[in-house]
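Read the structure below first, then the notes.
What follows draws every value from the coordinates through simple rules; no lab data is involved. This structure is a prediction, so every number in the text was calculated from the model and none was measured. Cβ placement follows ideal geometry from the backbone for every residue including glycine, while neighbour counts extend to all protein chains displayed.
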Ligand SMILES: NC(=O)c1ccc[n+]([C@@H]2O[C@H](COP(=O)([O-])OP(=O)(O)OC[C@H]3O[C@@H](n4cnc5c(N)ncnc54)[C@H](O)[C@@H]3O)[C@@H](O)[C@H]2O)c1
């Protein structure tokens, strides 16, 4: 079912999922994720929304009136592909849909697990899967992505462009607390505990915002005196280098919107590229959204070559979030098998197309 703005009755314990494939490769990878969710026998009811560039170009609607309210009211989770289309040079639709969803639905925690499935996927030498298993927790509603600022004397030699960096006490505190709670309540893949929360900023140069992050980090850490959680701090430039030199050094990294955006792409490079990276946009107790980390990849789109695993792993993350841990584990195990047996797209060494890689994983899931 494809709806501009759905109205779904609250009927059963079946989880209601809104699906927004979006643009470009999003339209190819999300059908693979759906196939795999169905193969896992997950108790879900999926409702597709046509938000994206095609819809915007046909009727100039980015988000229908009441769109976010509908998502929050009628669905337990949202599965998203990607947004961005060269036919809409301003990318206004992407901004209003994706950034709108994150800020208007207050999905303040962007959780990006970084796990290496197979040594062959990592560009670093001598690194094993056990060496890369950490998570980037990115503040998702503030910082420099809040679109505050302006341009003065545009188009003249005296032009001034100002982009404000907004850091609220509430926003900084809740994301740092989320990171400590995540550390305390989640284990690593091998079952060992998460031991460290690292806060990353640039407080040596950005003293006002950085000062707030520093103070709040210390205050929230003091709320966990009896836990064994070790606290660490790094400037973002040093962290970028250290992630490449020794990715074993991390468990939970918490940072602001822009630094999180950048370092999680670097982290995706460590796990096999953007096609392998999954994420969740969360607000505990509210409808949350799950999406691959990658964008719409226009040069790759429409060729059946995009890697669907980031989308499939995002779907698994969503099912785990909704209490379907068994289904999520089946999906993750099937993707792991696909990686090990090279039943993948070419970006990670296989010879399958997007659909065929999705079919292989779905078949593996249904046979488990
Ligand atoms: N969450 C989102 O919706 C999101 C995120 C990032 C970028 N974007 C948008 O996407 C468009 C393209 O941006 P970009 O090129 O900077 O980032 P991108 O993630 O689309 O692509 C970056 C690189 O990764 C490759 N890639 C991406 N997804 C892949 C996949 N599934 N399989 C194999 N290779 C993959 C691309 O071919 C490209 O080389 C822009 O309009 C941008 O604004 C959207």
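Listed values, structure above:
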read-out	value
Orientation-averaged projected area, Cα convex hull of the stretch 156-301 (nm²)	12.5
Gyration tensor (alpha-carbon) shape descriptor, the chain, a/c threshold 1.5	rounded
Among 49, 152, 250, residue whose mean-square fluctuation peaks in a GNM of the chain (springs only between Cα atoms under 10 Å)	152
Among 205, 18, 179: highest mean-square fluctuation, GNM of the chain, C-alpha pairs under 10 Å	205
Sorted by Cβ neighbour density within 10 Å, fewest at the top, the residues 102, 60	60, 102
Shape call, the stretch 250-368: gyration tensor on alpha carbons, a/c limit 1.5	oblate
Residue exposure sequence - 87, 112 - by fewest surrounding Cβ within 10 Å	87, 112
Cα gyration tensor, the stretch 188-261 - rounded (a/c under 1.5), prolate or oblate	oblate
Contact order normalised by residue count of the chain, Cα under 8 Å, 6+ apart, percent	23
Proxy reagent accessibility, fewest Cβ within 10 Å first, across 83, 68, 309	68, 83, 309
Alpha-carbon centroid distance for the pair the stretch 138-173 / the stretch 241-312, whole angstrom	23
Value at 222 nm in deg cm²/dmol, rounded to 500, when DSSP H runs of n ≥ 4 in the chain each add -39,500 (n - 2.57)	-11000 deg cm²/dmol
Residue of 65, 225, 298 that the Gaussian network model of the chain assigns the largest fluctuation, springs spanning Cα pairs under 10 Å	225
